[in-house]
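So the structure is just underneath, and the comments pick up after that.
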Amino acid sequence: MDAEEVPQLIAQIALADSRVRREDKMERRAQIVMWAGILADTPYDFALQAVHEHYSQSQWPIAPGDIASRWQNVVRDRVNRDNGTFEPNDHPGLDPDDVIGYLAALRGQRQAVAQGVRPPNTVKAITAGAAADEVTARLRTLGTYVPRQVDDALDAYRPLKEARRAALIAGQPDAFSVECDWCQAPVGEPCRSRRVDPKGGATSNRRRSTPHPSRVDDATTAAREQQEQEASR
């Protein structure tokens, strides 16, 4: 609120409560200076609304601290509901390598939320519940995070992890989280293409690039049963 708006606010308050306005010229000037300092961050329209709400519930004179406290509660609520995530689509001209520009844009974005210029972004990351537990378990199985381009470059040297990562990205169950009932491959190991001769001896035991279909079905069933158990808790 600008200092020039304070006398207008006090005049509006005096229409409902004449006790607020100072009659002495020196006291009135000091009152304006004090109110202007306390309400420097409070918008005029909000202050006027706070006055209306105060006198609809109380007969006691309103103080500038009452108005400022109401505004601080609103700001705190907005900031707490905002996830604080930077939205690059709102700043198409910002260079990704411009750290100073990024910080200025982020600061402006959060100030806009605090001032009510833009609504809080309340979309939260999955940090709790069954879905979060599943994501955490999958990431623990796959290992620590590395940039996508690095993963892509390494996929040629680790087909098993490539297959598991592809399933995770596609939202499919991890077939390697269960044993294979076809080739008896243990958990975490790839399936094998086994060939036997007429006497029952193995002639081939090479690794498969994809799991057996029955293993995928078993993984899907296990994932569904786990979800049903968590939902029933």
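The values are calculated or read from the model by the stated rules, or taken from the named source; none is laboratory data. In this text, all values refer to a predicted model and were calculated from it rather than measured experimentally. Neighbour counts run over all protein chains shown; Cβ positions are idealised from the backbone, glycine included. SASA here: full protein model, heavy atoms, side chains in, ligands and nucleic acids out. Shrake-Rupley method; radii C 1.70, N 1.55, O 1.52, S 1.80 Å.
At a glance:
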{"read-out": "For a label point 7 Å along the Cα-to-beta-carbon line of E134, residues of region 209-223 with backbone N under 12 Å", "value": "220-223"}
{"read-out": "Under Karplus coefficients 6.51, -1.76 and 1.60, residue-wise ³J(HN,Hα) of region 57-67 in Hz, glycine/proline x", "value": "10, 9, 9, 7, x, 7, 10, x, x, 5, 5"}
{"read-out": "FRET efficiency for A222 and R194, using Cβ-Cβ distance with R0 set to 35 Å, rounded to 0.05", "value": "0.90"}
{"read-out": "Spin-label model distance (nm) - A30 vs S214, 7 Å beyond Cα toward Cβ", "value": "9.3"}
{"read-out": "Integer Hz, Karplus 6.51/-1.76/1.60 couplings in order for region 49-56, x for Gly and Pro", "value": "5, 5, 5, 4, 5, 5, 6, 7"}
{"read-out": "Approximate spin-label separation S232-V79, in nm, with each point projected 7 Å along Cα-to-Cβ", "value": "4.7"}
{"read-out": "In region 1-64, trypsin sites (Lys or Arg not before Pro) in a DSSP loop with at most 16 other beta-carbon atoms within 10 Å", "value": "R19, R21, R22"}
{"read-out": "Sulfur and carbon atoms: percent of accessible area, region 27-69 [1.4 Å]", "value": "56"}
